[in-house]
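Notes follow once the structure below has been shown.
The values are calculated or read from the model by the stated rules, or taken from the named source; none is laboratory data. Predicted model, so just to flag it, every value in this text is computed and none were measured. Here the Cβ positions follow ideal geometry from the backbone for every residue, glycine too, while neighbour counts run over all protein chains shown. In case anyone asks, the SASA skips ligands and DNA or RNA and just uses the protein heavy atoms, side chains included. Shrake-Rupley method; radii C 1.70, N 1.55, O 1.52, S 1.80 Å.
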Amino acid sequence: MMGIDSPEEPMVTDRRGIDFRAVWQLTSMSLGVGVFAIPFCFNVLGVLQGGILVVVLGFLANTAIERLLDCAEIHSRSKYEEIANTAFGRGGQAAMALVIFITTFIASLSYLAASTELLTCVVYAFLTGEDINKQGGSASVLTKGKRAIVLLILVMITMPKLLKRSMGDNALISTAGVFSMSTAAIIFVGKCLLVLGEGCEDCPKPPPLAGGNLQEILENMATLAFSFSMVFAVGPLVGDKVAEYGSVAAAAKSMRPVVRTSISFSVCIYLLVGLTGALAYGNDIRKLSLQNLSLQGALPQLVSAVVGTCSLLLVAIVGFPCIESVELFCKMANPNSRSDPRIAIVCIVGLLCVGIDAFIDTRIAFALTGALGLSLGAYVMPALLYFRLRERGQGSIYRFGSALVLLCFGAVILIGGTPATVMAAIHSSEGSKEKLSHAGYFLQGLRGIDQ
């Protein structure tokens, strides 16, 4: 079908094969440090229930992106915000840009905070030979002021990469990040298998097949769902491929096998890490499972250093949609401006990250906006856009039905998961307020923020 912008778009011959560079770019949006929070979710939910949820959520993530690609093909719109504009006008475009900004900003901040925690612990353990994980993590050696300085330095390191105009410009980071995170995950799985093989006299209680009350199920389901946040990277990648394929429709079509490969790969990693981590450490599993490894050994130090460094570099990928959304707001506010606001935007967003992390209790805000951003941006909006933009009589019953299931699931996360996550955050915050520093709050709430 012809696009509304260009009724004479050239037909492009379909190219066979999968663009693995695009696969790694898409996967890097989700396969970050949050993968090591999945074992805790499996311990709460049970290994069978947790595994089933990961598979189901992977299917729903693929469905959401497929429906967005349907809209992109029919209406020749590559970016998420442009599709929302076509469906609901400037108000829809602004609302979608706001959702993307909030969600990817929180994800970027969680990556920066995790990098700060892991790298600080590794450096301290390397220099002193002490296992700082047993002493409460970086909170035992960093005051709020020192943590803010460290975070500011890390933000400055990432700034040059955030100034890039295309996600393709950071393709090397995506590829290196995915392979490094996957390697770290495999090493973690190996350590878990060794723990299982060795056994112990006083082993922790193993996780059940299915567990958790309703609040815990909703909270952890939202956490696992956030592990498939690659939906926010699809638009920029389609835009990058338009020049190669000649039209938005052809570029969107080429992304379908990329999406399926990326999600299948992620599901395998999540299942492997979640199952082995939960079975090996049981009730002793930490919120961030890397903290179960003793930093007195060289290999755990190396793994933590690699994950911390990759988390820092992947901010350039995770934060890209955030910067693009702010740029869109600037253009909407002053469409005739010829100045380039990107440098100022990157600086402001970076300072905002440091300010929020250093001076505000972000646990509740993270849990709330994470659940809201995910449910709206990754599930509800793709379904609504498909219903709005599909042509009457066009499309299969399967596509319509899958979009309806997607909408219902997003509503469950929005209406049920968000309050459950917030209540859990408030309860945990009140119970541990005297014991945990700000960095501790982040680690306690990581499973409700990043994935």
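Over the stretch 215-370, what is the relative contact order in whole percent, taking alpha-carbon pairs under 8 Å and six or more residues apart?
Working: 36 pairs, mean separation 18.6, N = 156.
Computed value for the stretch 215-370: 12 percent relative contact order.
Under unit Cβ charges (Lys, Arg +1; Asp, Glu -1), what dipole magnitude, rounded to 20 debye, does the stretch 42-182 have relative to its Cα centre?
Dipole about the Cα centre, nearest 20: 420 debye.
Along the stretch 373-389, what does the Karplus equation 6.51 cos²θ - 1.76 cosθ + 1.60 (θ = phi - 60°) give for ³J(HN,Hα), rounded to whole Hz, x for Gly and Pro?
x, 5, 4, 6, x, 9, 10, 5, 5, x, 5, 5, 5, 5, 4, 6, 9
Show me, for the stretch 213-227, the HN-Hα J-couplings you get by feeding each phi into the Karplus relation (A = 6.51, B = -1.76, C = 1.60, θ = phi - 60°), rounded to Hz, glycine and proline as x.
7, 4, 4, 5, 5, 5, 4, 6, 5, 5, 5, 5, 4, 5, 6
Report, to the nearest whole %, how much of the accessible area of the stretch 232-319 belongs to carbon and sulfur atoms, 1.4 Å probe, protein only.
64 percent
Of the peptides 405-411, 275-281, 295-301, how do they stack up when ordered by the mean number of other Cβ atoms within 10 Å, highest first?
Taking the mean over residues of other Cβ atoms within 10 Å, the ranking is 275-281, 405-411, 295-301.
How big is the gap, in Å, between the Cα center of the stretch 268-287 and the Cα center of the stretch 224-252?
Here the two parts' Cα centres lie 31 Å apart.
Given charges of +1 on the Cβ of Lys and Arg and -1 on the Cβ of Asp and Glu, with all other atoms neutral, how large is the dipole of the stretch 185-262 about its Cα centre, in debye to the nearest 20?
Magnitude of the dipole: close to 500 debye.
When you count, for each residue, the other Cβ atoms within 10 Å and take the mean per peptide, how do 33-42, 247-256, 375-384, 204-213 rank with the highest first?
33-42, 375-384, 247-256, 204-213
Sequence neighbours fewer than 8 away in the same chain don't count; with that in mind, list the lysines whose C-alpha is under 17 Å from Lys205.
Excluding near neighbours in sequence, the set is Lys287.
Listed highest first by mean packing, meaning other Cβ atoms within 10 Å per residue, what order do 309-315, 235-241 come in? Provide the component values of the computation, followed by the final result.
Details: 309-315: 24.4, 235-241: 22.9.
Sorting 309-315, 235-241 by mean packing, highest first, produces 309-315, 235-241.
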